[in-house]
1. Considering the stretch 5-51 alone, what residues qualify as being in contact with a strand residue (DSSP E or B) (Cβ under 9 Å, 6 or more places away or on another chain), without any contact (Cβ under 8 Å) to a residue 40 or more places away in the chain and farther than 18 Å from residue 196 by Cα?
2. So which residues in the stretch 108-161 are part of a helix (DSSP H, G or I), free of Cβ contacts under 8 Å to residues at least 12 places away in the same chain and over 18 Å from residue 78 (Cα atoms)?
3. Please state which one of 85, 96 is under 26 Å from residue 182 (Cα atoms), touching a residue at least 24 places away in the same chain (Cβ under 8 Å) and assigned to a loop (DSSP other than H, G, I, E, B).
4. Given the criteria at pLDDT 95 or above, out of contact with any helix residue (DSSP H, G or I) (no Cβ under 7 Å at 6 or more places or on another chain), crowded, with 24+ Cβ neighbours inside 10 Å and more than 30 Å from residue 53 (Cβ to Cβ), does residue 179 qualify?
5. When you go through 57, 37, 82, 73 one by one, which is the residue that is under 16 Å from the mean Cα position of the chain (by Cα) and modelled with pLDDT under 95?
6. In the stretch 1-27, what residues are loosely packed, with under 15 Cβ neighbours inside 10 Å, out of contact with any helix residue (DSSP H, G or I) (no Cβ under 6 Å at 6 or more places or on another chain) and assigned to a strand (DSSP E or B)?
7. I need the full set of residues from the stretch 57-76 which are within 23 Å of residue 166 (Cα to Cα) and exposed (fewer than 15 other Cβ atoms within 10 Å of the Cβ), in order please.
């Protein structure tokens with residue numbers, strides 16, 4: 001059974017969940033010290049879990065279809081544009097020139113965010129493993145080998161990635177190593193502190209074959225410091241509403257998504273949607289300048 005990767009404490013076990021994909025019963029726990037949620041008996045057959053079927057919408061996460069996401073006007077494209085604009089605004093607010101940013105998308109999938117960032121004039125690369133790394137390489141979007149990435153990037157993004165990681169702090173240390181001094185790490189995932197009810201009922205935990213780590217703001221604060229980053233508040237008023245729009249669209253039944261993707265959600269207060277869906281706190285860690 002796993003211990004909390006942040007506190008190294010034995011989590012308090014809570015009601016388990018049975019996967020509708022694999023029929024495996026997964027044990028769940030919550031760390032009392034930092035309020036991180038965990039799948040305690042996670043799968044480790046990653047090559048099988050994250051093969052072509054996963055990216056084609058036939059894998060453990062029925063809401064994922066990277067092939068369809070690559071189509072112009074997809075809901076995911078809405079999110080990618082929102083992320084690029086948000087990261088650019090964060091950089092500008094910190095005195096950086098957005099036009100000269102170097103961006104690394106960690107866990108880039110088939111490269112949609114990298115492609116979008118490049119279209120917007122940002123020098124961007126992607127990094128992933130297994131099947132996804134082959135696709136990134138074929139598209140010319142893959143970053144060099146990890147040892148060559150040390151202190152090369154102004155910003156590293158990890159978009160809906162960390163909930164997949166069995167050993168998240170190890171990967172976050174690698175993300176931090178890729179940042180230049182004063183560069184920042186921008187992470188999105190679900191906010192476990194917003195869960196109303198038991199963990200096994202939360203929609204992030206409904207995919208336990210691949211979603212194995214559930215973060216709270218307290219866990220973020222401890223985790224970012226442990227990998228050598230300073231915890232920073234969001235230096236802008238709010239993230240681009242298109243990021244929220246994608247998350248809401250994804251949570252809807254498939255037949256409603258095309259309509260929802262056309263609607264403007266900027267007029268809806270982000271805090272109300274966050275309260276309903278457990279939207280990310282958009283964790284930011286800054287690499288010290290010295």
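1. 10, 11, 18, 25, 27, 40
2. 133, 134, 137, 138, 147, 148
3. Working: 85 fails: assigned to a loop (DSSP other than H, G, I, E, B).
The match here is 96.
4. Numbers: at pLDDT 95 or above: yes; out of contact with any helix residue (DSSP H, G or I) (no Cβ under 7 Å at 6 or more places or on another chain): yes; crowded, with 24+ Cβ neighbours inside 10 Å: yes; more than 30 Å from residue 53 (Cβ to Cβ): yes.
Yes: the conditions hold for residue 179.
5. Numbers: 57 fails: under 16 Å from the mean Cα position of the chain (by Cα); 37 fails: modelled with pLDDT under 95; 73 fails: under 16 Å from the mean Cα position of the chain (by Cα).
Among 57, 37, 82, 73, only 82 is under 16 Å from the mean Cα position of the chain (by Cα) and modelled with pLDDT under 95.
6. Selection gives 12, 13, 18, 25.
7. Selection gives 58, 62, 63.
The values are calculated or read from the model by the stated rules, or taken from the named source; none is laboratory data. Since the structure is predicted, the reported quantities are computational estimates derived from the model, not experimental observations. For neighbour counting, all protein chains shown are included, and Cβ atoms are generated from backbone atoms with ideal geometry for every residue, glycine included.
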